[in-house]
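This report concerns only the one structure given below.
The values are calculated or read from the model by the stated rules, or taken from the named source; none is laboratory data. Note that the coordinates shown come from a computational prediction; the quantities given were computed from them, not determined experimentally. A quick note on method: Cβ atoms are made from the backbone with ideal geometry, for glycine too, and the neighbour counts reach across all protein chains shown. Side chains included, ligands, DNA and RNA excluded: accessible areas come from the protein's heavy atoms. Shrake-Rupley method; radii C 1.70, N 1.55, O 1.52, S 1.80 Å.
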Amino acid sequence: DESLSAHELQAKWQKYWAENETFLAGGEDDTRPRKYVLAMFPYPSGDLHMGHAENYLYSDVVARFWRHRGHNVLNPIGWDSFGLPAENAAIRRGADPREWTYQNIAQQKAAFQQYGVSFDWSRVLHTSDPEYYRWNQWLFLKMYERGLAYRKKSPVNWCPNDQTVLANEQVVDGRCERCGAEVVKKKLTQWYFKITDYADRLLDDLNQLEGFWPHKVLQMQRNWIGRSVGADVDFTIEGRDGAVTVFSTRPDTLHGATFFVVAPDSDLAAELAADAPEEVRARFTDYLTQVQKTSEIDRQSTDRPKTGVFLERYAINPVNGERLPIWAADYVLADYGHGAVMAVPAHDQRDLDFARAFDLPVKVVVDTTAPITGAMPVVEVDADGVPIDAAATLEEQHPAQTGVALVGDGRMINSGELNGLSKRTAIARTIEKLEAAGTGRAAKNYRLRDWLISRQRFWGTPIPMLHTQDGGIVPVSEEQLPVRLPSVEGLDLSPKGTSPLGAAESWVRTVDPTTGEPALRDPDTMDTFVDSSWYFLRFLSPGNEEAAFTPEDARRWAPVDSYIGGVEHAILHLLYARFLTKVLFDMGLVDFTEPFSSLINQGMVILNGQKMSKSKGNLVLFQQELEAHGADALRVGLAFAGPVEDDKDWADVSMTGAQKFLSRALRIAREVQSPVGAPFAQGDVTLRRVTHRLLADAPGLVEHTKFNVLVARLMDLVNSTRKAIDVGAGAADPAVREAAETVAVMLDLIAPHTAEEMWEALGHEPSVGLVVWRQPEADMLVEDTVTTAVQINGKVRSTLEVPARISDTELEALARADEKVQRALEGKEIVRVIVRAPKIVNFAVKG
Ligand code: ANZ
């Protein structure tokens, strides 16, 4: 039917796919090799934007590709439907978060269906369904059993105005990002998952993913985990019992320590200040108030002038008994290492900046002018960025004068028996000595913190724990799961720092299953990152009421072969999913340790060079574009706009161009005059070569995510076919059918509705989505060759048969390797080579 509009054509095929369950994953009896393709699932928040359009297009291209390669493909979809957006909308409009959530899900689902995404709709999950979140609770109990879920009191960012905990990213210049109130630190008891137990494995296993995940993401994960290797060193404090430990990556520099710094917000600082003279205590208290308003990021900034308070106490250096004045300064963080450092200003820039600000001594213990053989030379620069002359004497390079710490390698000096050793040997020797003396030991440190998973909010998974009358904590028994969220009726959801669930009297009051005594439910809910850390496994055993997933289903499908989503999830989501996978591995429930074998991050869709945002009023909405242009044109426009990983400017995308291309493609299918099964071998060779070249190249293009190049090549094949019909072999030539069929099976990746229509017009049964791509024929791939003249000083000395598309460098290499040319060049000096591939190579020679 030639008169179908894009929307009618879309509706026709979507109905067909739904009725025939075309894209359901095959069951246990399906013998095809399996591929698990997954797009990061969406939040059901408000409108869909062009980022969604990209994400679900790219994952659909990959899923469709593997079906065309003869695979049994699983490509499921669900909704990450707990969390703040629903709760905030509920607070703003007085609506039930449930209603808001499920309405949005229905809208988004309709949009994805109109977009022609080949999801397996039989496995849909919503994390806010009790059928899903009961398994979050089960997972929590398993974590608790294994000692991986625990409670602790710890300082959190607190907005006194919004009465809520803020993430570090929500604190801007010490103020609440939302209301501008000054943020304070508040100690709260919270639930944590002990991800730090897995820090080494999370770091080391990243090496397996090199080449399969974007390198940038691997690097971000490494930095986030932030492993440092060094030593813990015990100091004593005059007039105080017991040791104070510091972590140092440079125990070799112990003799260069000239002062000692504690984090102002640490327990040790509070203790030392409490015993200090009145005037010191007052200065410390003022300083602490100021520090508590400073974000961690600012505290670590190297540009900020150093600040601090001398506590009038002294620490004793374990290697030489020297007295080191103790300062409280905010560049030392309370929750890194042990919240205290030995300061070595000669060799640490932060310590040097501090020493110069407060006139503290600087003692050099590594002579960096005496480099170690085999070590990389380090170019030191002064405060103005001017390289310090490597030949300069140590005297001239003294950090107290230059303001630049000597961080490079060299020979130890002023360090007793370490003198003359290199950094590496001195570190090892120092650790041995400290261990023997019982004043230190080898240690590792991580930037990674345990995962704070409790939230004082309503719209999340209730934490399945009970508080007994005697102050104990017991788990809900597994048989009593799920602990369902109560009705929102009568609850005040506005943030107060305590969970709204605490006020749900009849819900909170329960009994301890073992003693029958009254108990209270834990009123907190889980961070939604818990929900999204294992959802890819629930898709494998949908609807299973006995287990979150079965080990058999997991073995069959997981890990995910291709995971596709935005780079905004490069750290936390991926890290948490990797962590949970390793825990499940340790529990014997999965047989792999990494959840996502390969990862694709799409770029952003921007507009006129600018990021789109509501506030700029330049949002392009997915649903509107879909309505205006139809699914296939939108998909072609996006795919053609540029490489997957790059940002794409929507202002440069031509929807008319995309629509024209689709009509041209459909028209060639309708004009084909040879019958189904026509002997391609008898077809026009010129056109057949273009077709088979694409059959050969397309798989590599898709596997390397060059979807834009694939579209360009399809346009090329459509043009060649048009030419063959109009001025070449004609519409009855079998090569024209072969080309049109090839366009249909490949266009299916990008424009599946048009592809189905083409396939039908060509006389085939649907669905084109399940047709396995043909292999290219070898004799159609023979390259066209041309004859190259190789000249020496303008005279032809040899000729070469070379591929028509040879590059200049390849051609020059072939010419130099030619025997006749080599003989003619003997004893001559080549002054210049001129290469004009594929026609001419000319050597200009002397002698
Ligand atoms: C003495 C020293 C001498 C250090 C030297 C460095 C160079 P990374 O690599 O980031 O792990 N440090 C330890 N705990 C700290 C804290 N809570 N807040 C701020 N700084 C802290 O850094 C480890 C180094 O950072 C440690 O090694 C310590 O300074 C400092 F020439 O000890 B070092």
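Here is how the numbers come out for the structure above:
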| item | result |
| --- | --- |
| Selection count where residues are farther than 11 Å from Gln791 by Cβ and either hydrophobic (A, V, I, L, M, F, W, C) or open to solvent by 80 Å² or more (accessible area, probe 1.4 Å) (or both), scope region 803-826 | 16 |
| The lone exception for His338 - which of (1) open to solvent by less than 40 Å² (accessible area, probe 1.4 Å); (2) within 9 Å of the ligand (Cβ to nearest atom) it fails | (1) |
| Region 142-164 residues that are at pLDDT 80 or above, paired with ones that are open to solvent by 70 Å² or more (accessible area, probe 1.4 Å) and of a type in the set (Ser, Thr, Tyr) (beta carbon under 9 Å, 6 or more apart) | Tyr150/Tyr144 |
| Given (1) small (Gly, Ala, Ser); (2) surrounded by fewer than 19 Cβ atoms within 10 Å (Cβ to Cβ); (3) outside any loop (DSSP other than H, G, I, E, B); (4) more than 38 Å from the chain's Cα centre (by Cα), index of the condition Gly502 fails | (4) |
| Spans of strands (runs of 3 or more DSSP E) in region 420-493 with at least 1 residues within 29 Å of Leu202 (Cβ to Cβ) and open to solvent by less than 20 Å² (accessible area, probe 1.4 Å) | 440-446, 465-468 |
| Test: residue in region 36-43 that is under 25 Å from Glu757 (Cβ atoms), surrounded by fewer than 21 Cβ atoms within 10 Å (Cβ to Cβ), modelled with pLDDT of 95 or more and aliphatic (A, V, I, L, M) | no |
| Residue pairs meeting the criteria (Cβ under 6 Å; at least 6 apart or on separate chains; first among the charged types (D, E, K, R) and open to solvent by less than 30 Å² (accessible area, probe 1.4 Å), in region 245-267; second more than 7 Å from the ligand (Cβ to nearest atom) and in a helix (DSSP H, G or I)) | Asp252/Lys423; Asp252/Ala426; Asp252/Ile427; Asp252/Thr430 |
| Lone unmet requirement of (1) among the small types (Gly, Ala, Ser); (2) touching a residue at least 40 places away in the same chain (Cβ under 8 Å); (3) over 25 Å from Leu148 (Cβ atoms) for Ser499 | (3) |
| Residue within region 253-261 that is under 36 Å from the mean Cα position of the chain (by Cα) and either at pLDDT 95 or above or more than 8 Å from the ligand (Cβ to nearest atom) (or both) present | yes |
| Residue list for region 647-661, filter: open to solvent by less than 70 Å² (accessible area, probe 1.4 Å) and acidic (Asp, Glu) | Asp649 |
| Residue tally, condition open to solvent by 10 Å² or more (accessible area, probe 1.4 Å) and assigned to a strand (DSSP E or B), over region 231-243 | 4 |
| Residues that are outside any helix (DSSP H, G or I) and open to solvent by less than 40 Å² (accessible area, probe 1.4 Å), drawn from region 550-570 | Thr550, Ala558, Pro559, Val560, Ser562, Tyr563, Ile564, Gly565, Gly566, Ala570 |
| Complete set of residues in region 754-770 that are under 41 Å from the mean Cα position of the chain (by Cα), of a type in the set (Gly, Ala, Ser) and part of a helix (DSSP H, G or I) | Ala755, Gly769 |
| Region 202-219, subset assigned to a helix (DSSP H, G or I) and crowded, with 16+ Cβ neighbours inside 10 Å, residue nearest to the chain's Cα centre (by Cα) | Val217 |
| Region 508-547 - residue that is surrounded by fewer than 13 Cβ atoms within 10 Å (Cβ to Cβ) and not in a loop (DSSP other than H, G, I, E, B) and, of those, farthest from the chain's Cα centre (by Cα) | Pro518 |
| Pairs with Cβ under 7 Å, 6+ apart, first in region 336-356 and among the aliphatic types (A, V, I, L, M) and assigned to a loop (DSSP other than H, G, I, E, B), second near the ligand (Cβ under 6 Å from one of its atoms) and open to solvent by less than 10 Å² (accessible area, probe 1.4 Å) | Val344/Thr253 |
| Hey, Val644 aliphatic (A, V, I, L, M), part of a loop (DSSP other than H, G, I, E, B), in contact with a Pro (Cβ under 8 Å, 6 or more places away or on another chain) and touching a residue at least 24 places away in the same chain (Cβ under 8 Å) or not | no |
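For every residue, the table says whether it meets (1) within 14 Å of the ligand (Cβ to nearest atom); (2) out of contact with any helix residue (DSSP H, G or I) (no Cβ under 9 Å at 6 or more places or on another chain); (3) of a type in the set (A, V, I, L, M); (4) assigned to a strand (DSSP E or B).
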residue: Leu288; (1), (2), (3), (4): no, no, yes, no
residue: Lys293; (1), (2), (3), (4): no, yes, no, no
residue: Arg299; (1), (2), (3), (4): yes, no, no, no
residue: Pro305; (1), (2), (3), (4): no, no, no, no
residue: Val309; (1), (2), (3), (4): no, no, yes, yes
residue: Ala315; (1), (2), (3), (4): yes, yes, yes, yes
residue: Gly321; (1), (2), (3), (4): no, yes, no, no
residue: Trp327; (1), (2), (3), (4): yes, no, no, yes
residue: Ala334; (1), (2), (3), (4): yes, no, yes, no
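Residues checked against (1) open to solvent by 10 Å² or more (accessible area, probe 1.4 Å); (2) of a type in the set (Gly, Ala, Ser); (3) assigned to a helix (DSSP H, G or I); (4) under 30 Å from Ala53 (Cβ atoms):
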site: Ser663; (1), (2), (3), (4): yes, yes, yes, yes
site: His692; (1), (2), (3), (4): no, no, yes, no
site: Ala712; (1), (2), (3), (4): yes, yes, yes, yes
site: Val718; (1), (2), (3), (4): no, no, yes, yes
site: Glu741; (1), (2), (3), (4): yes, no, yes, yes
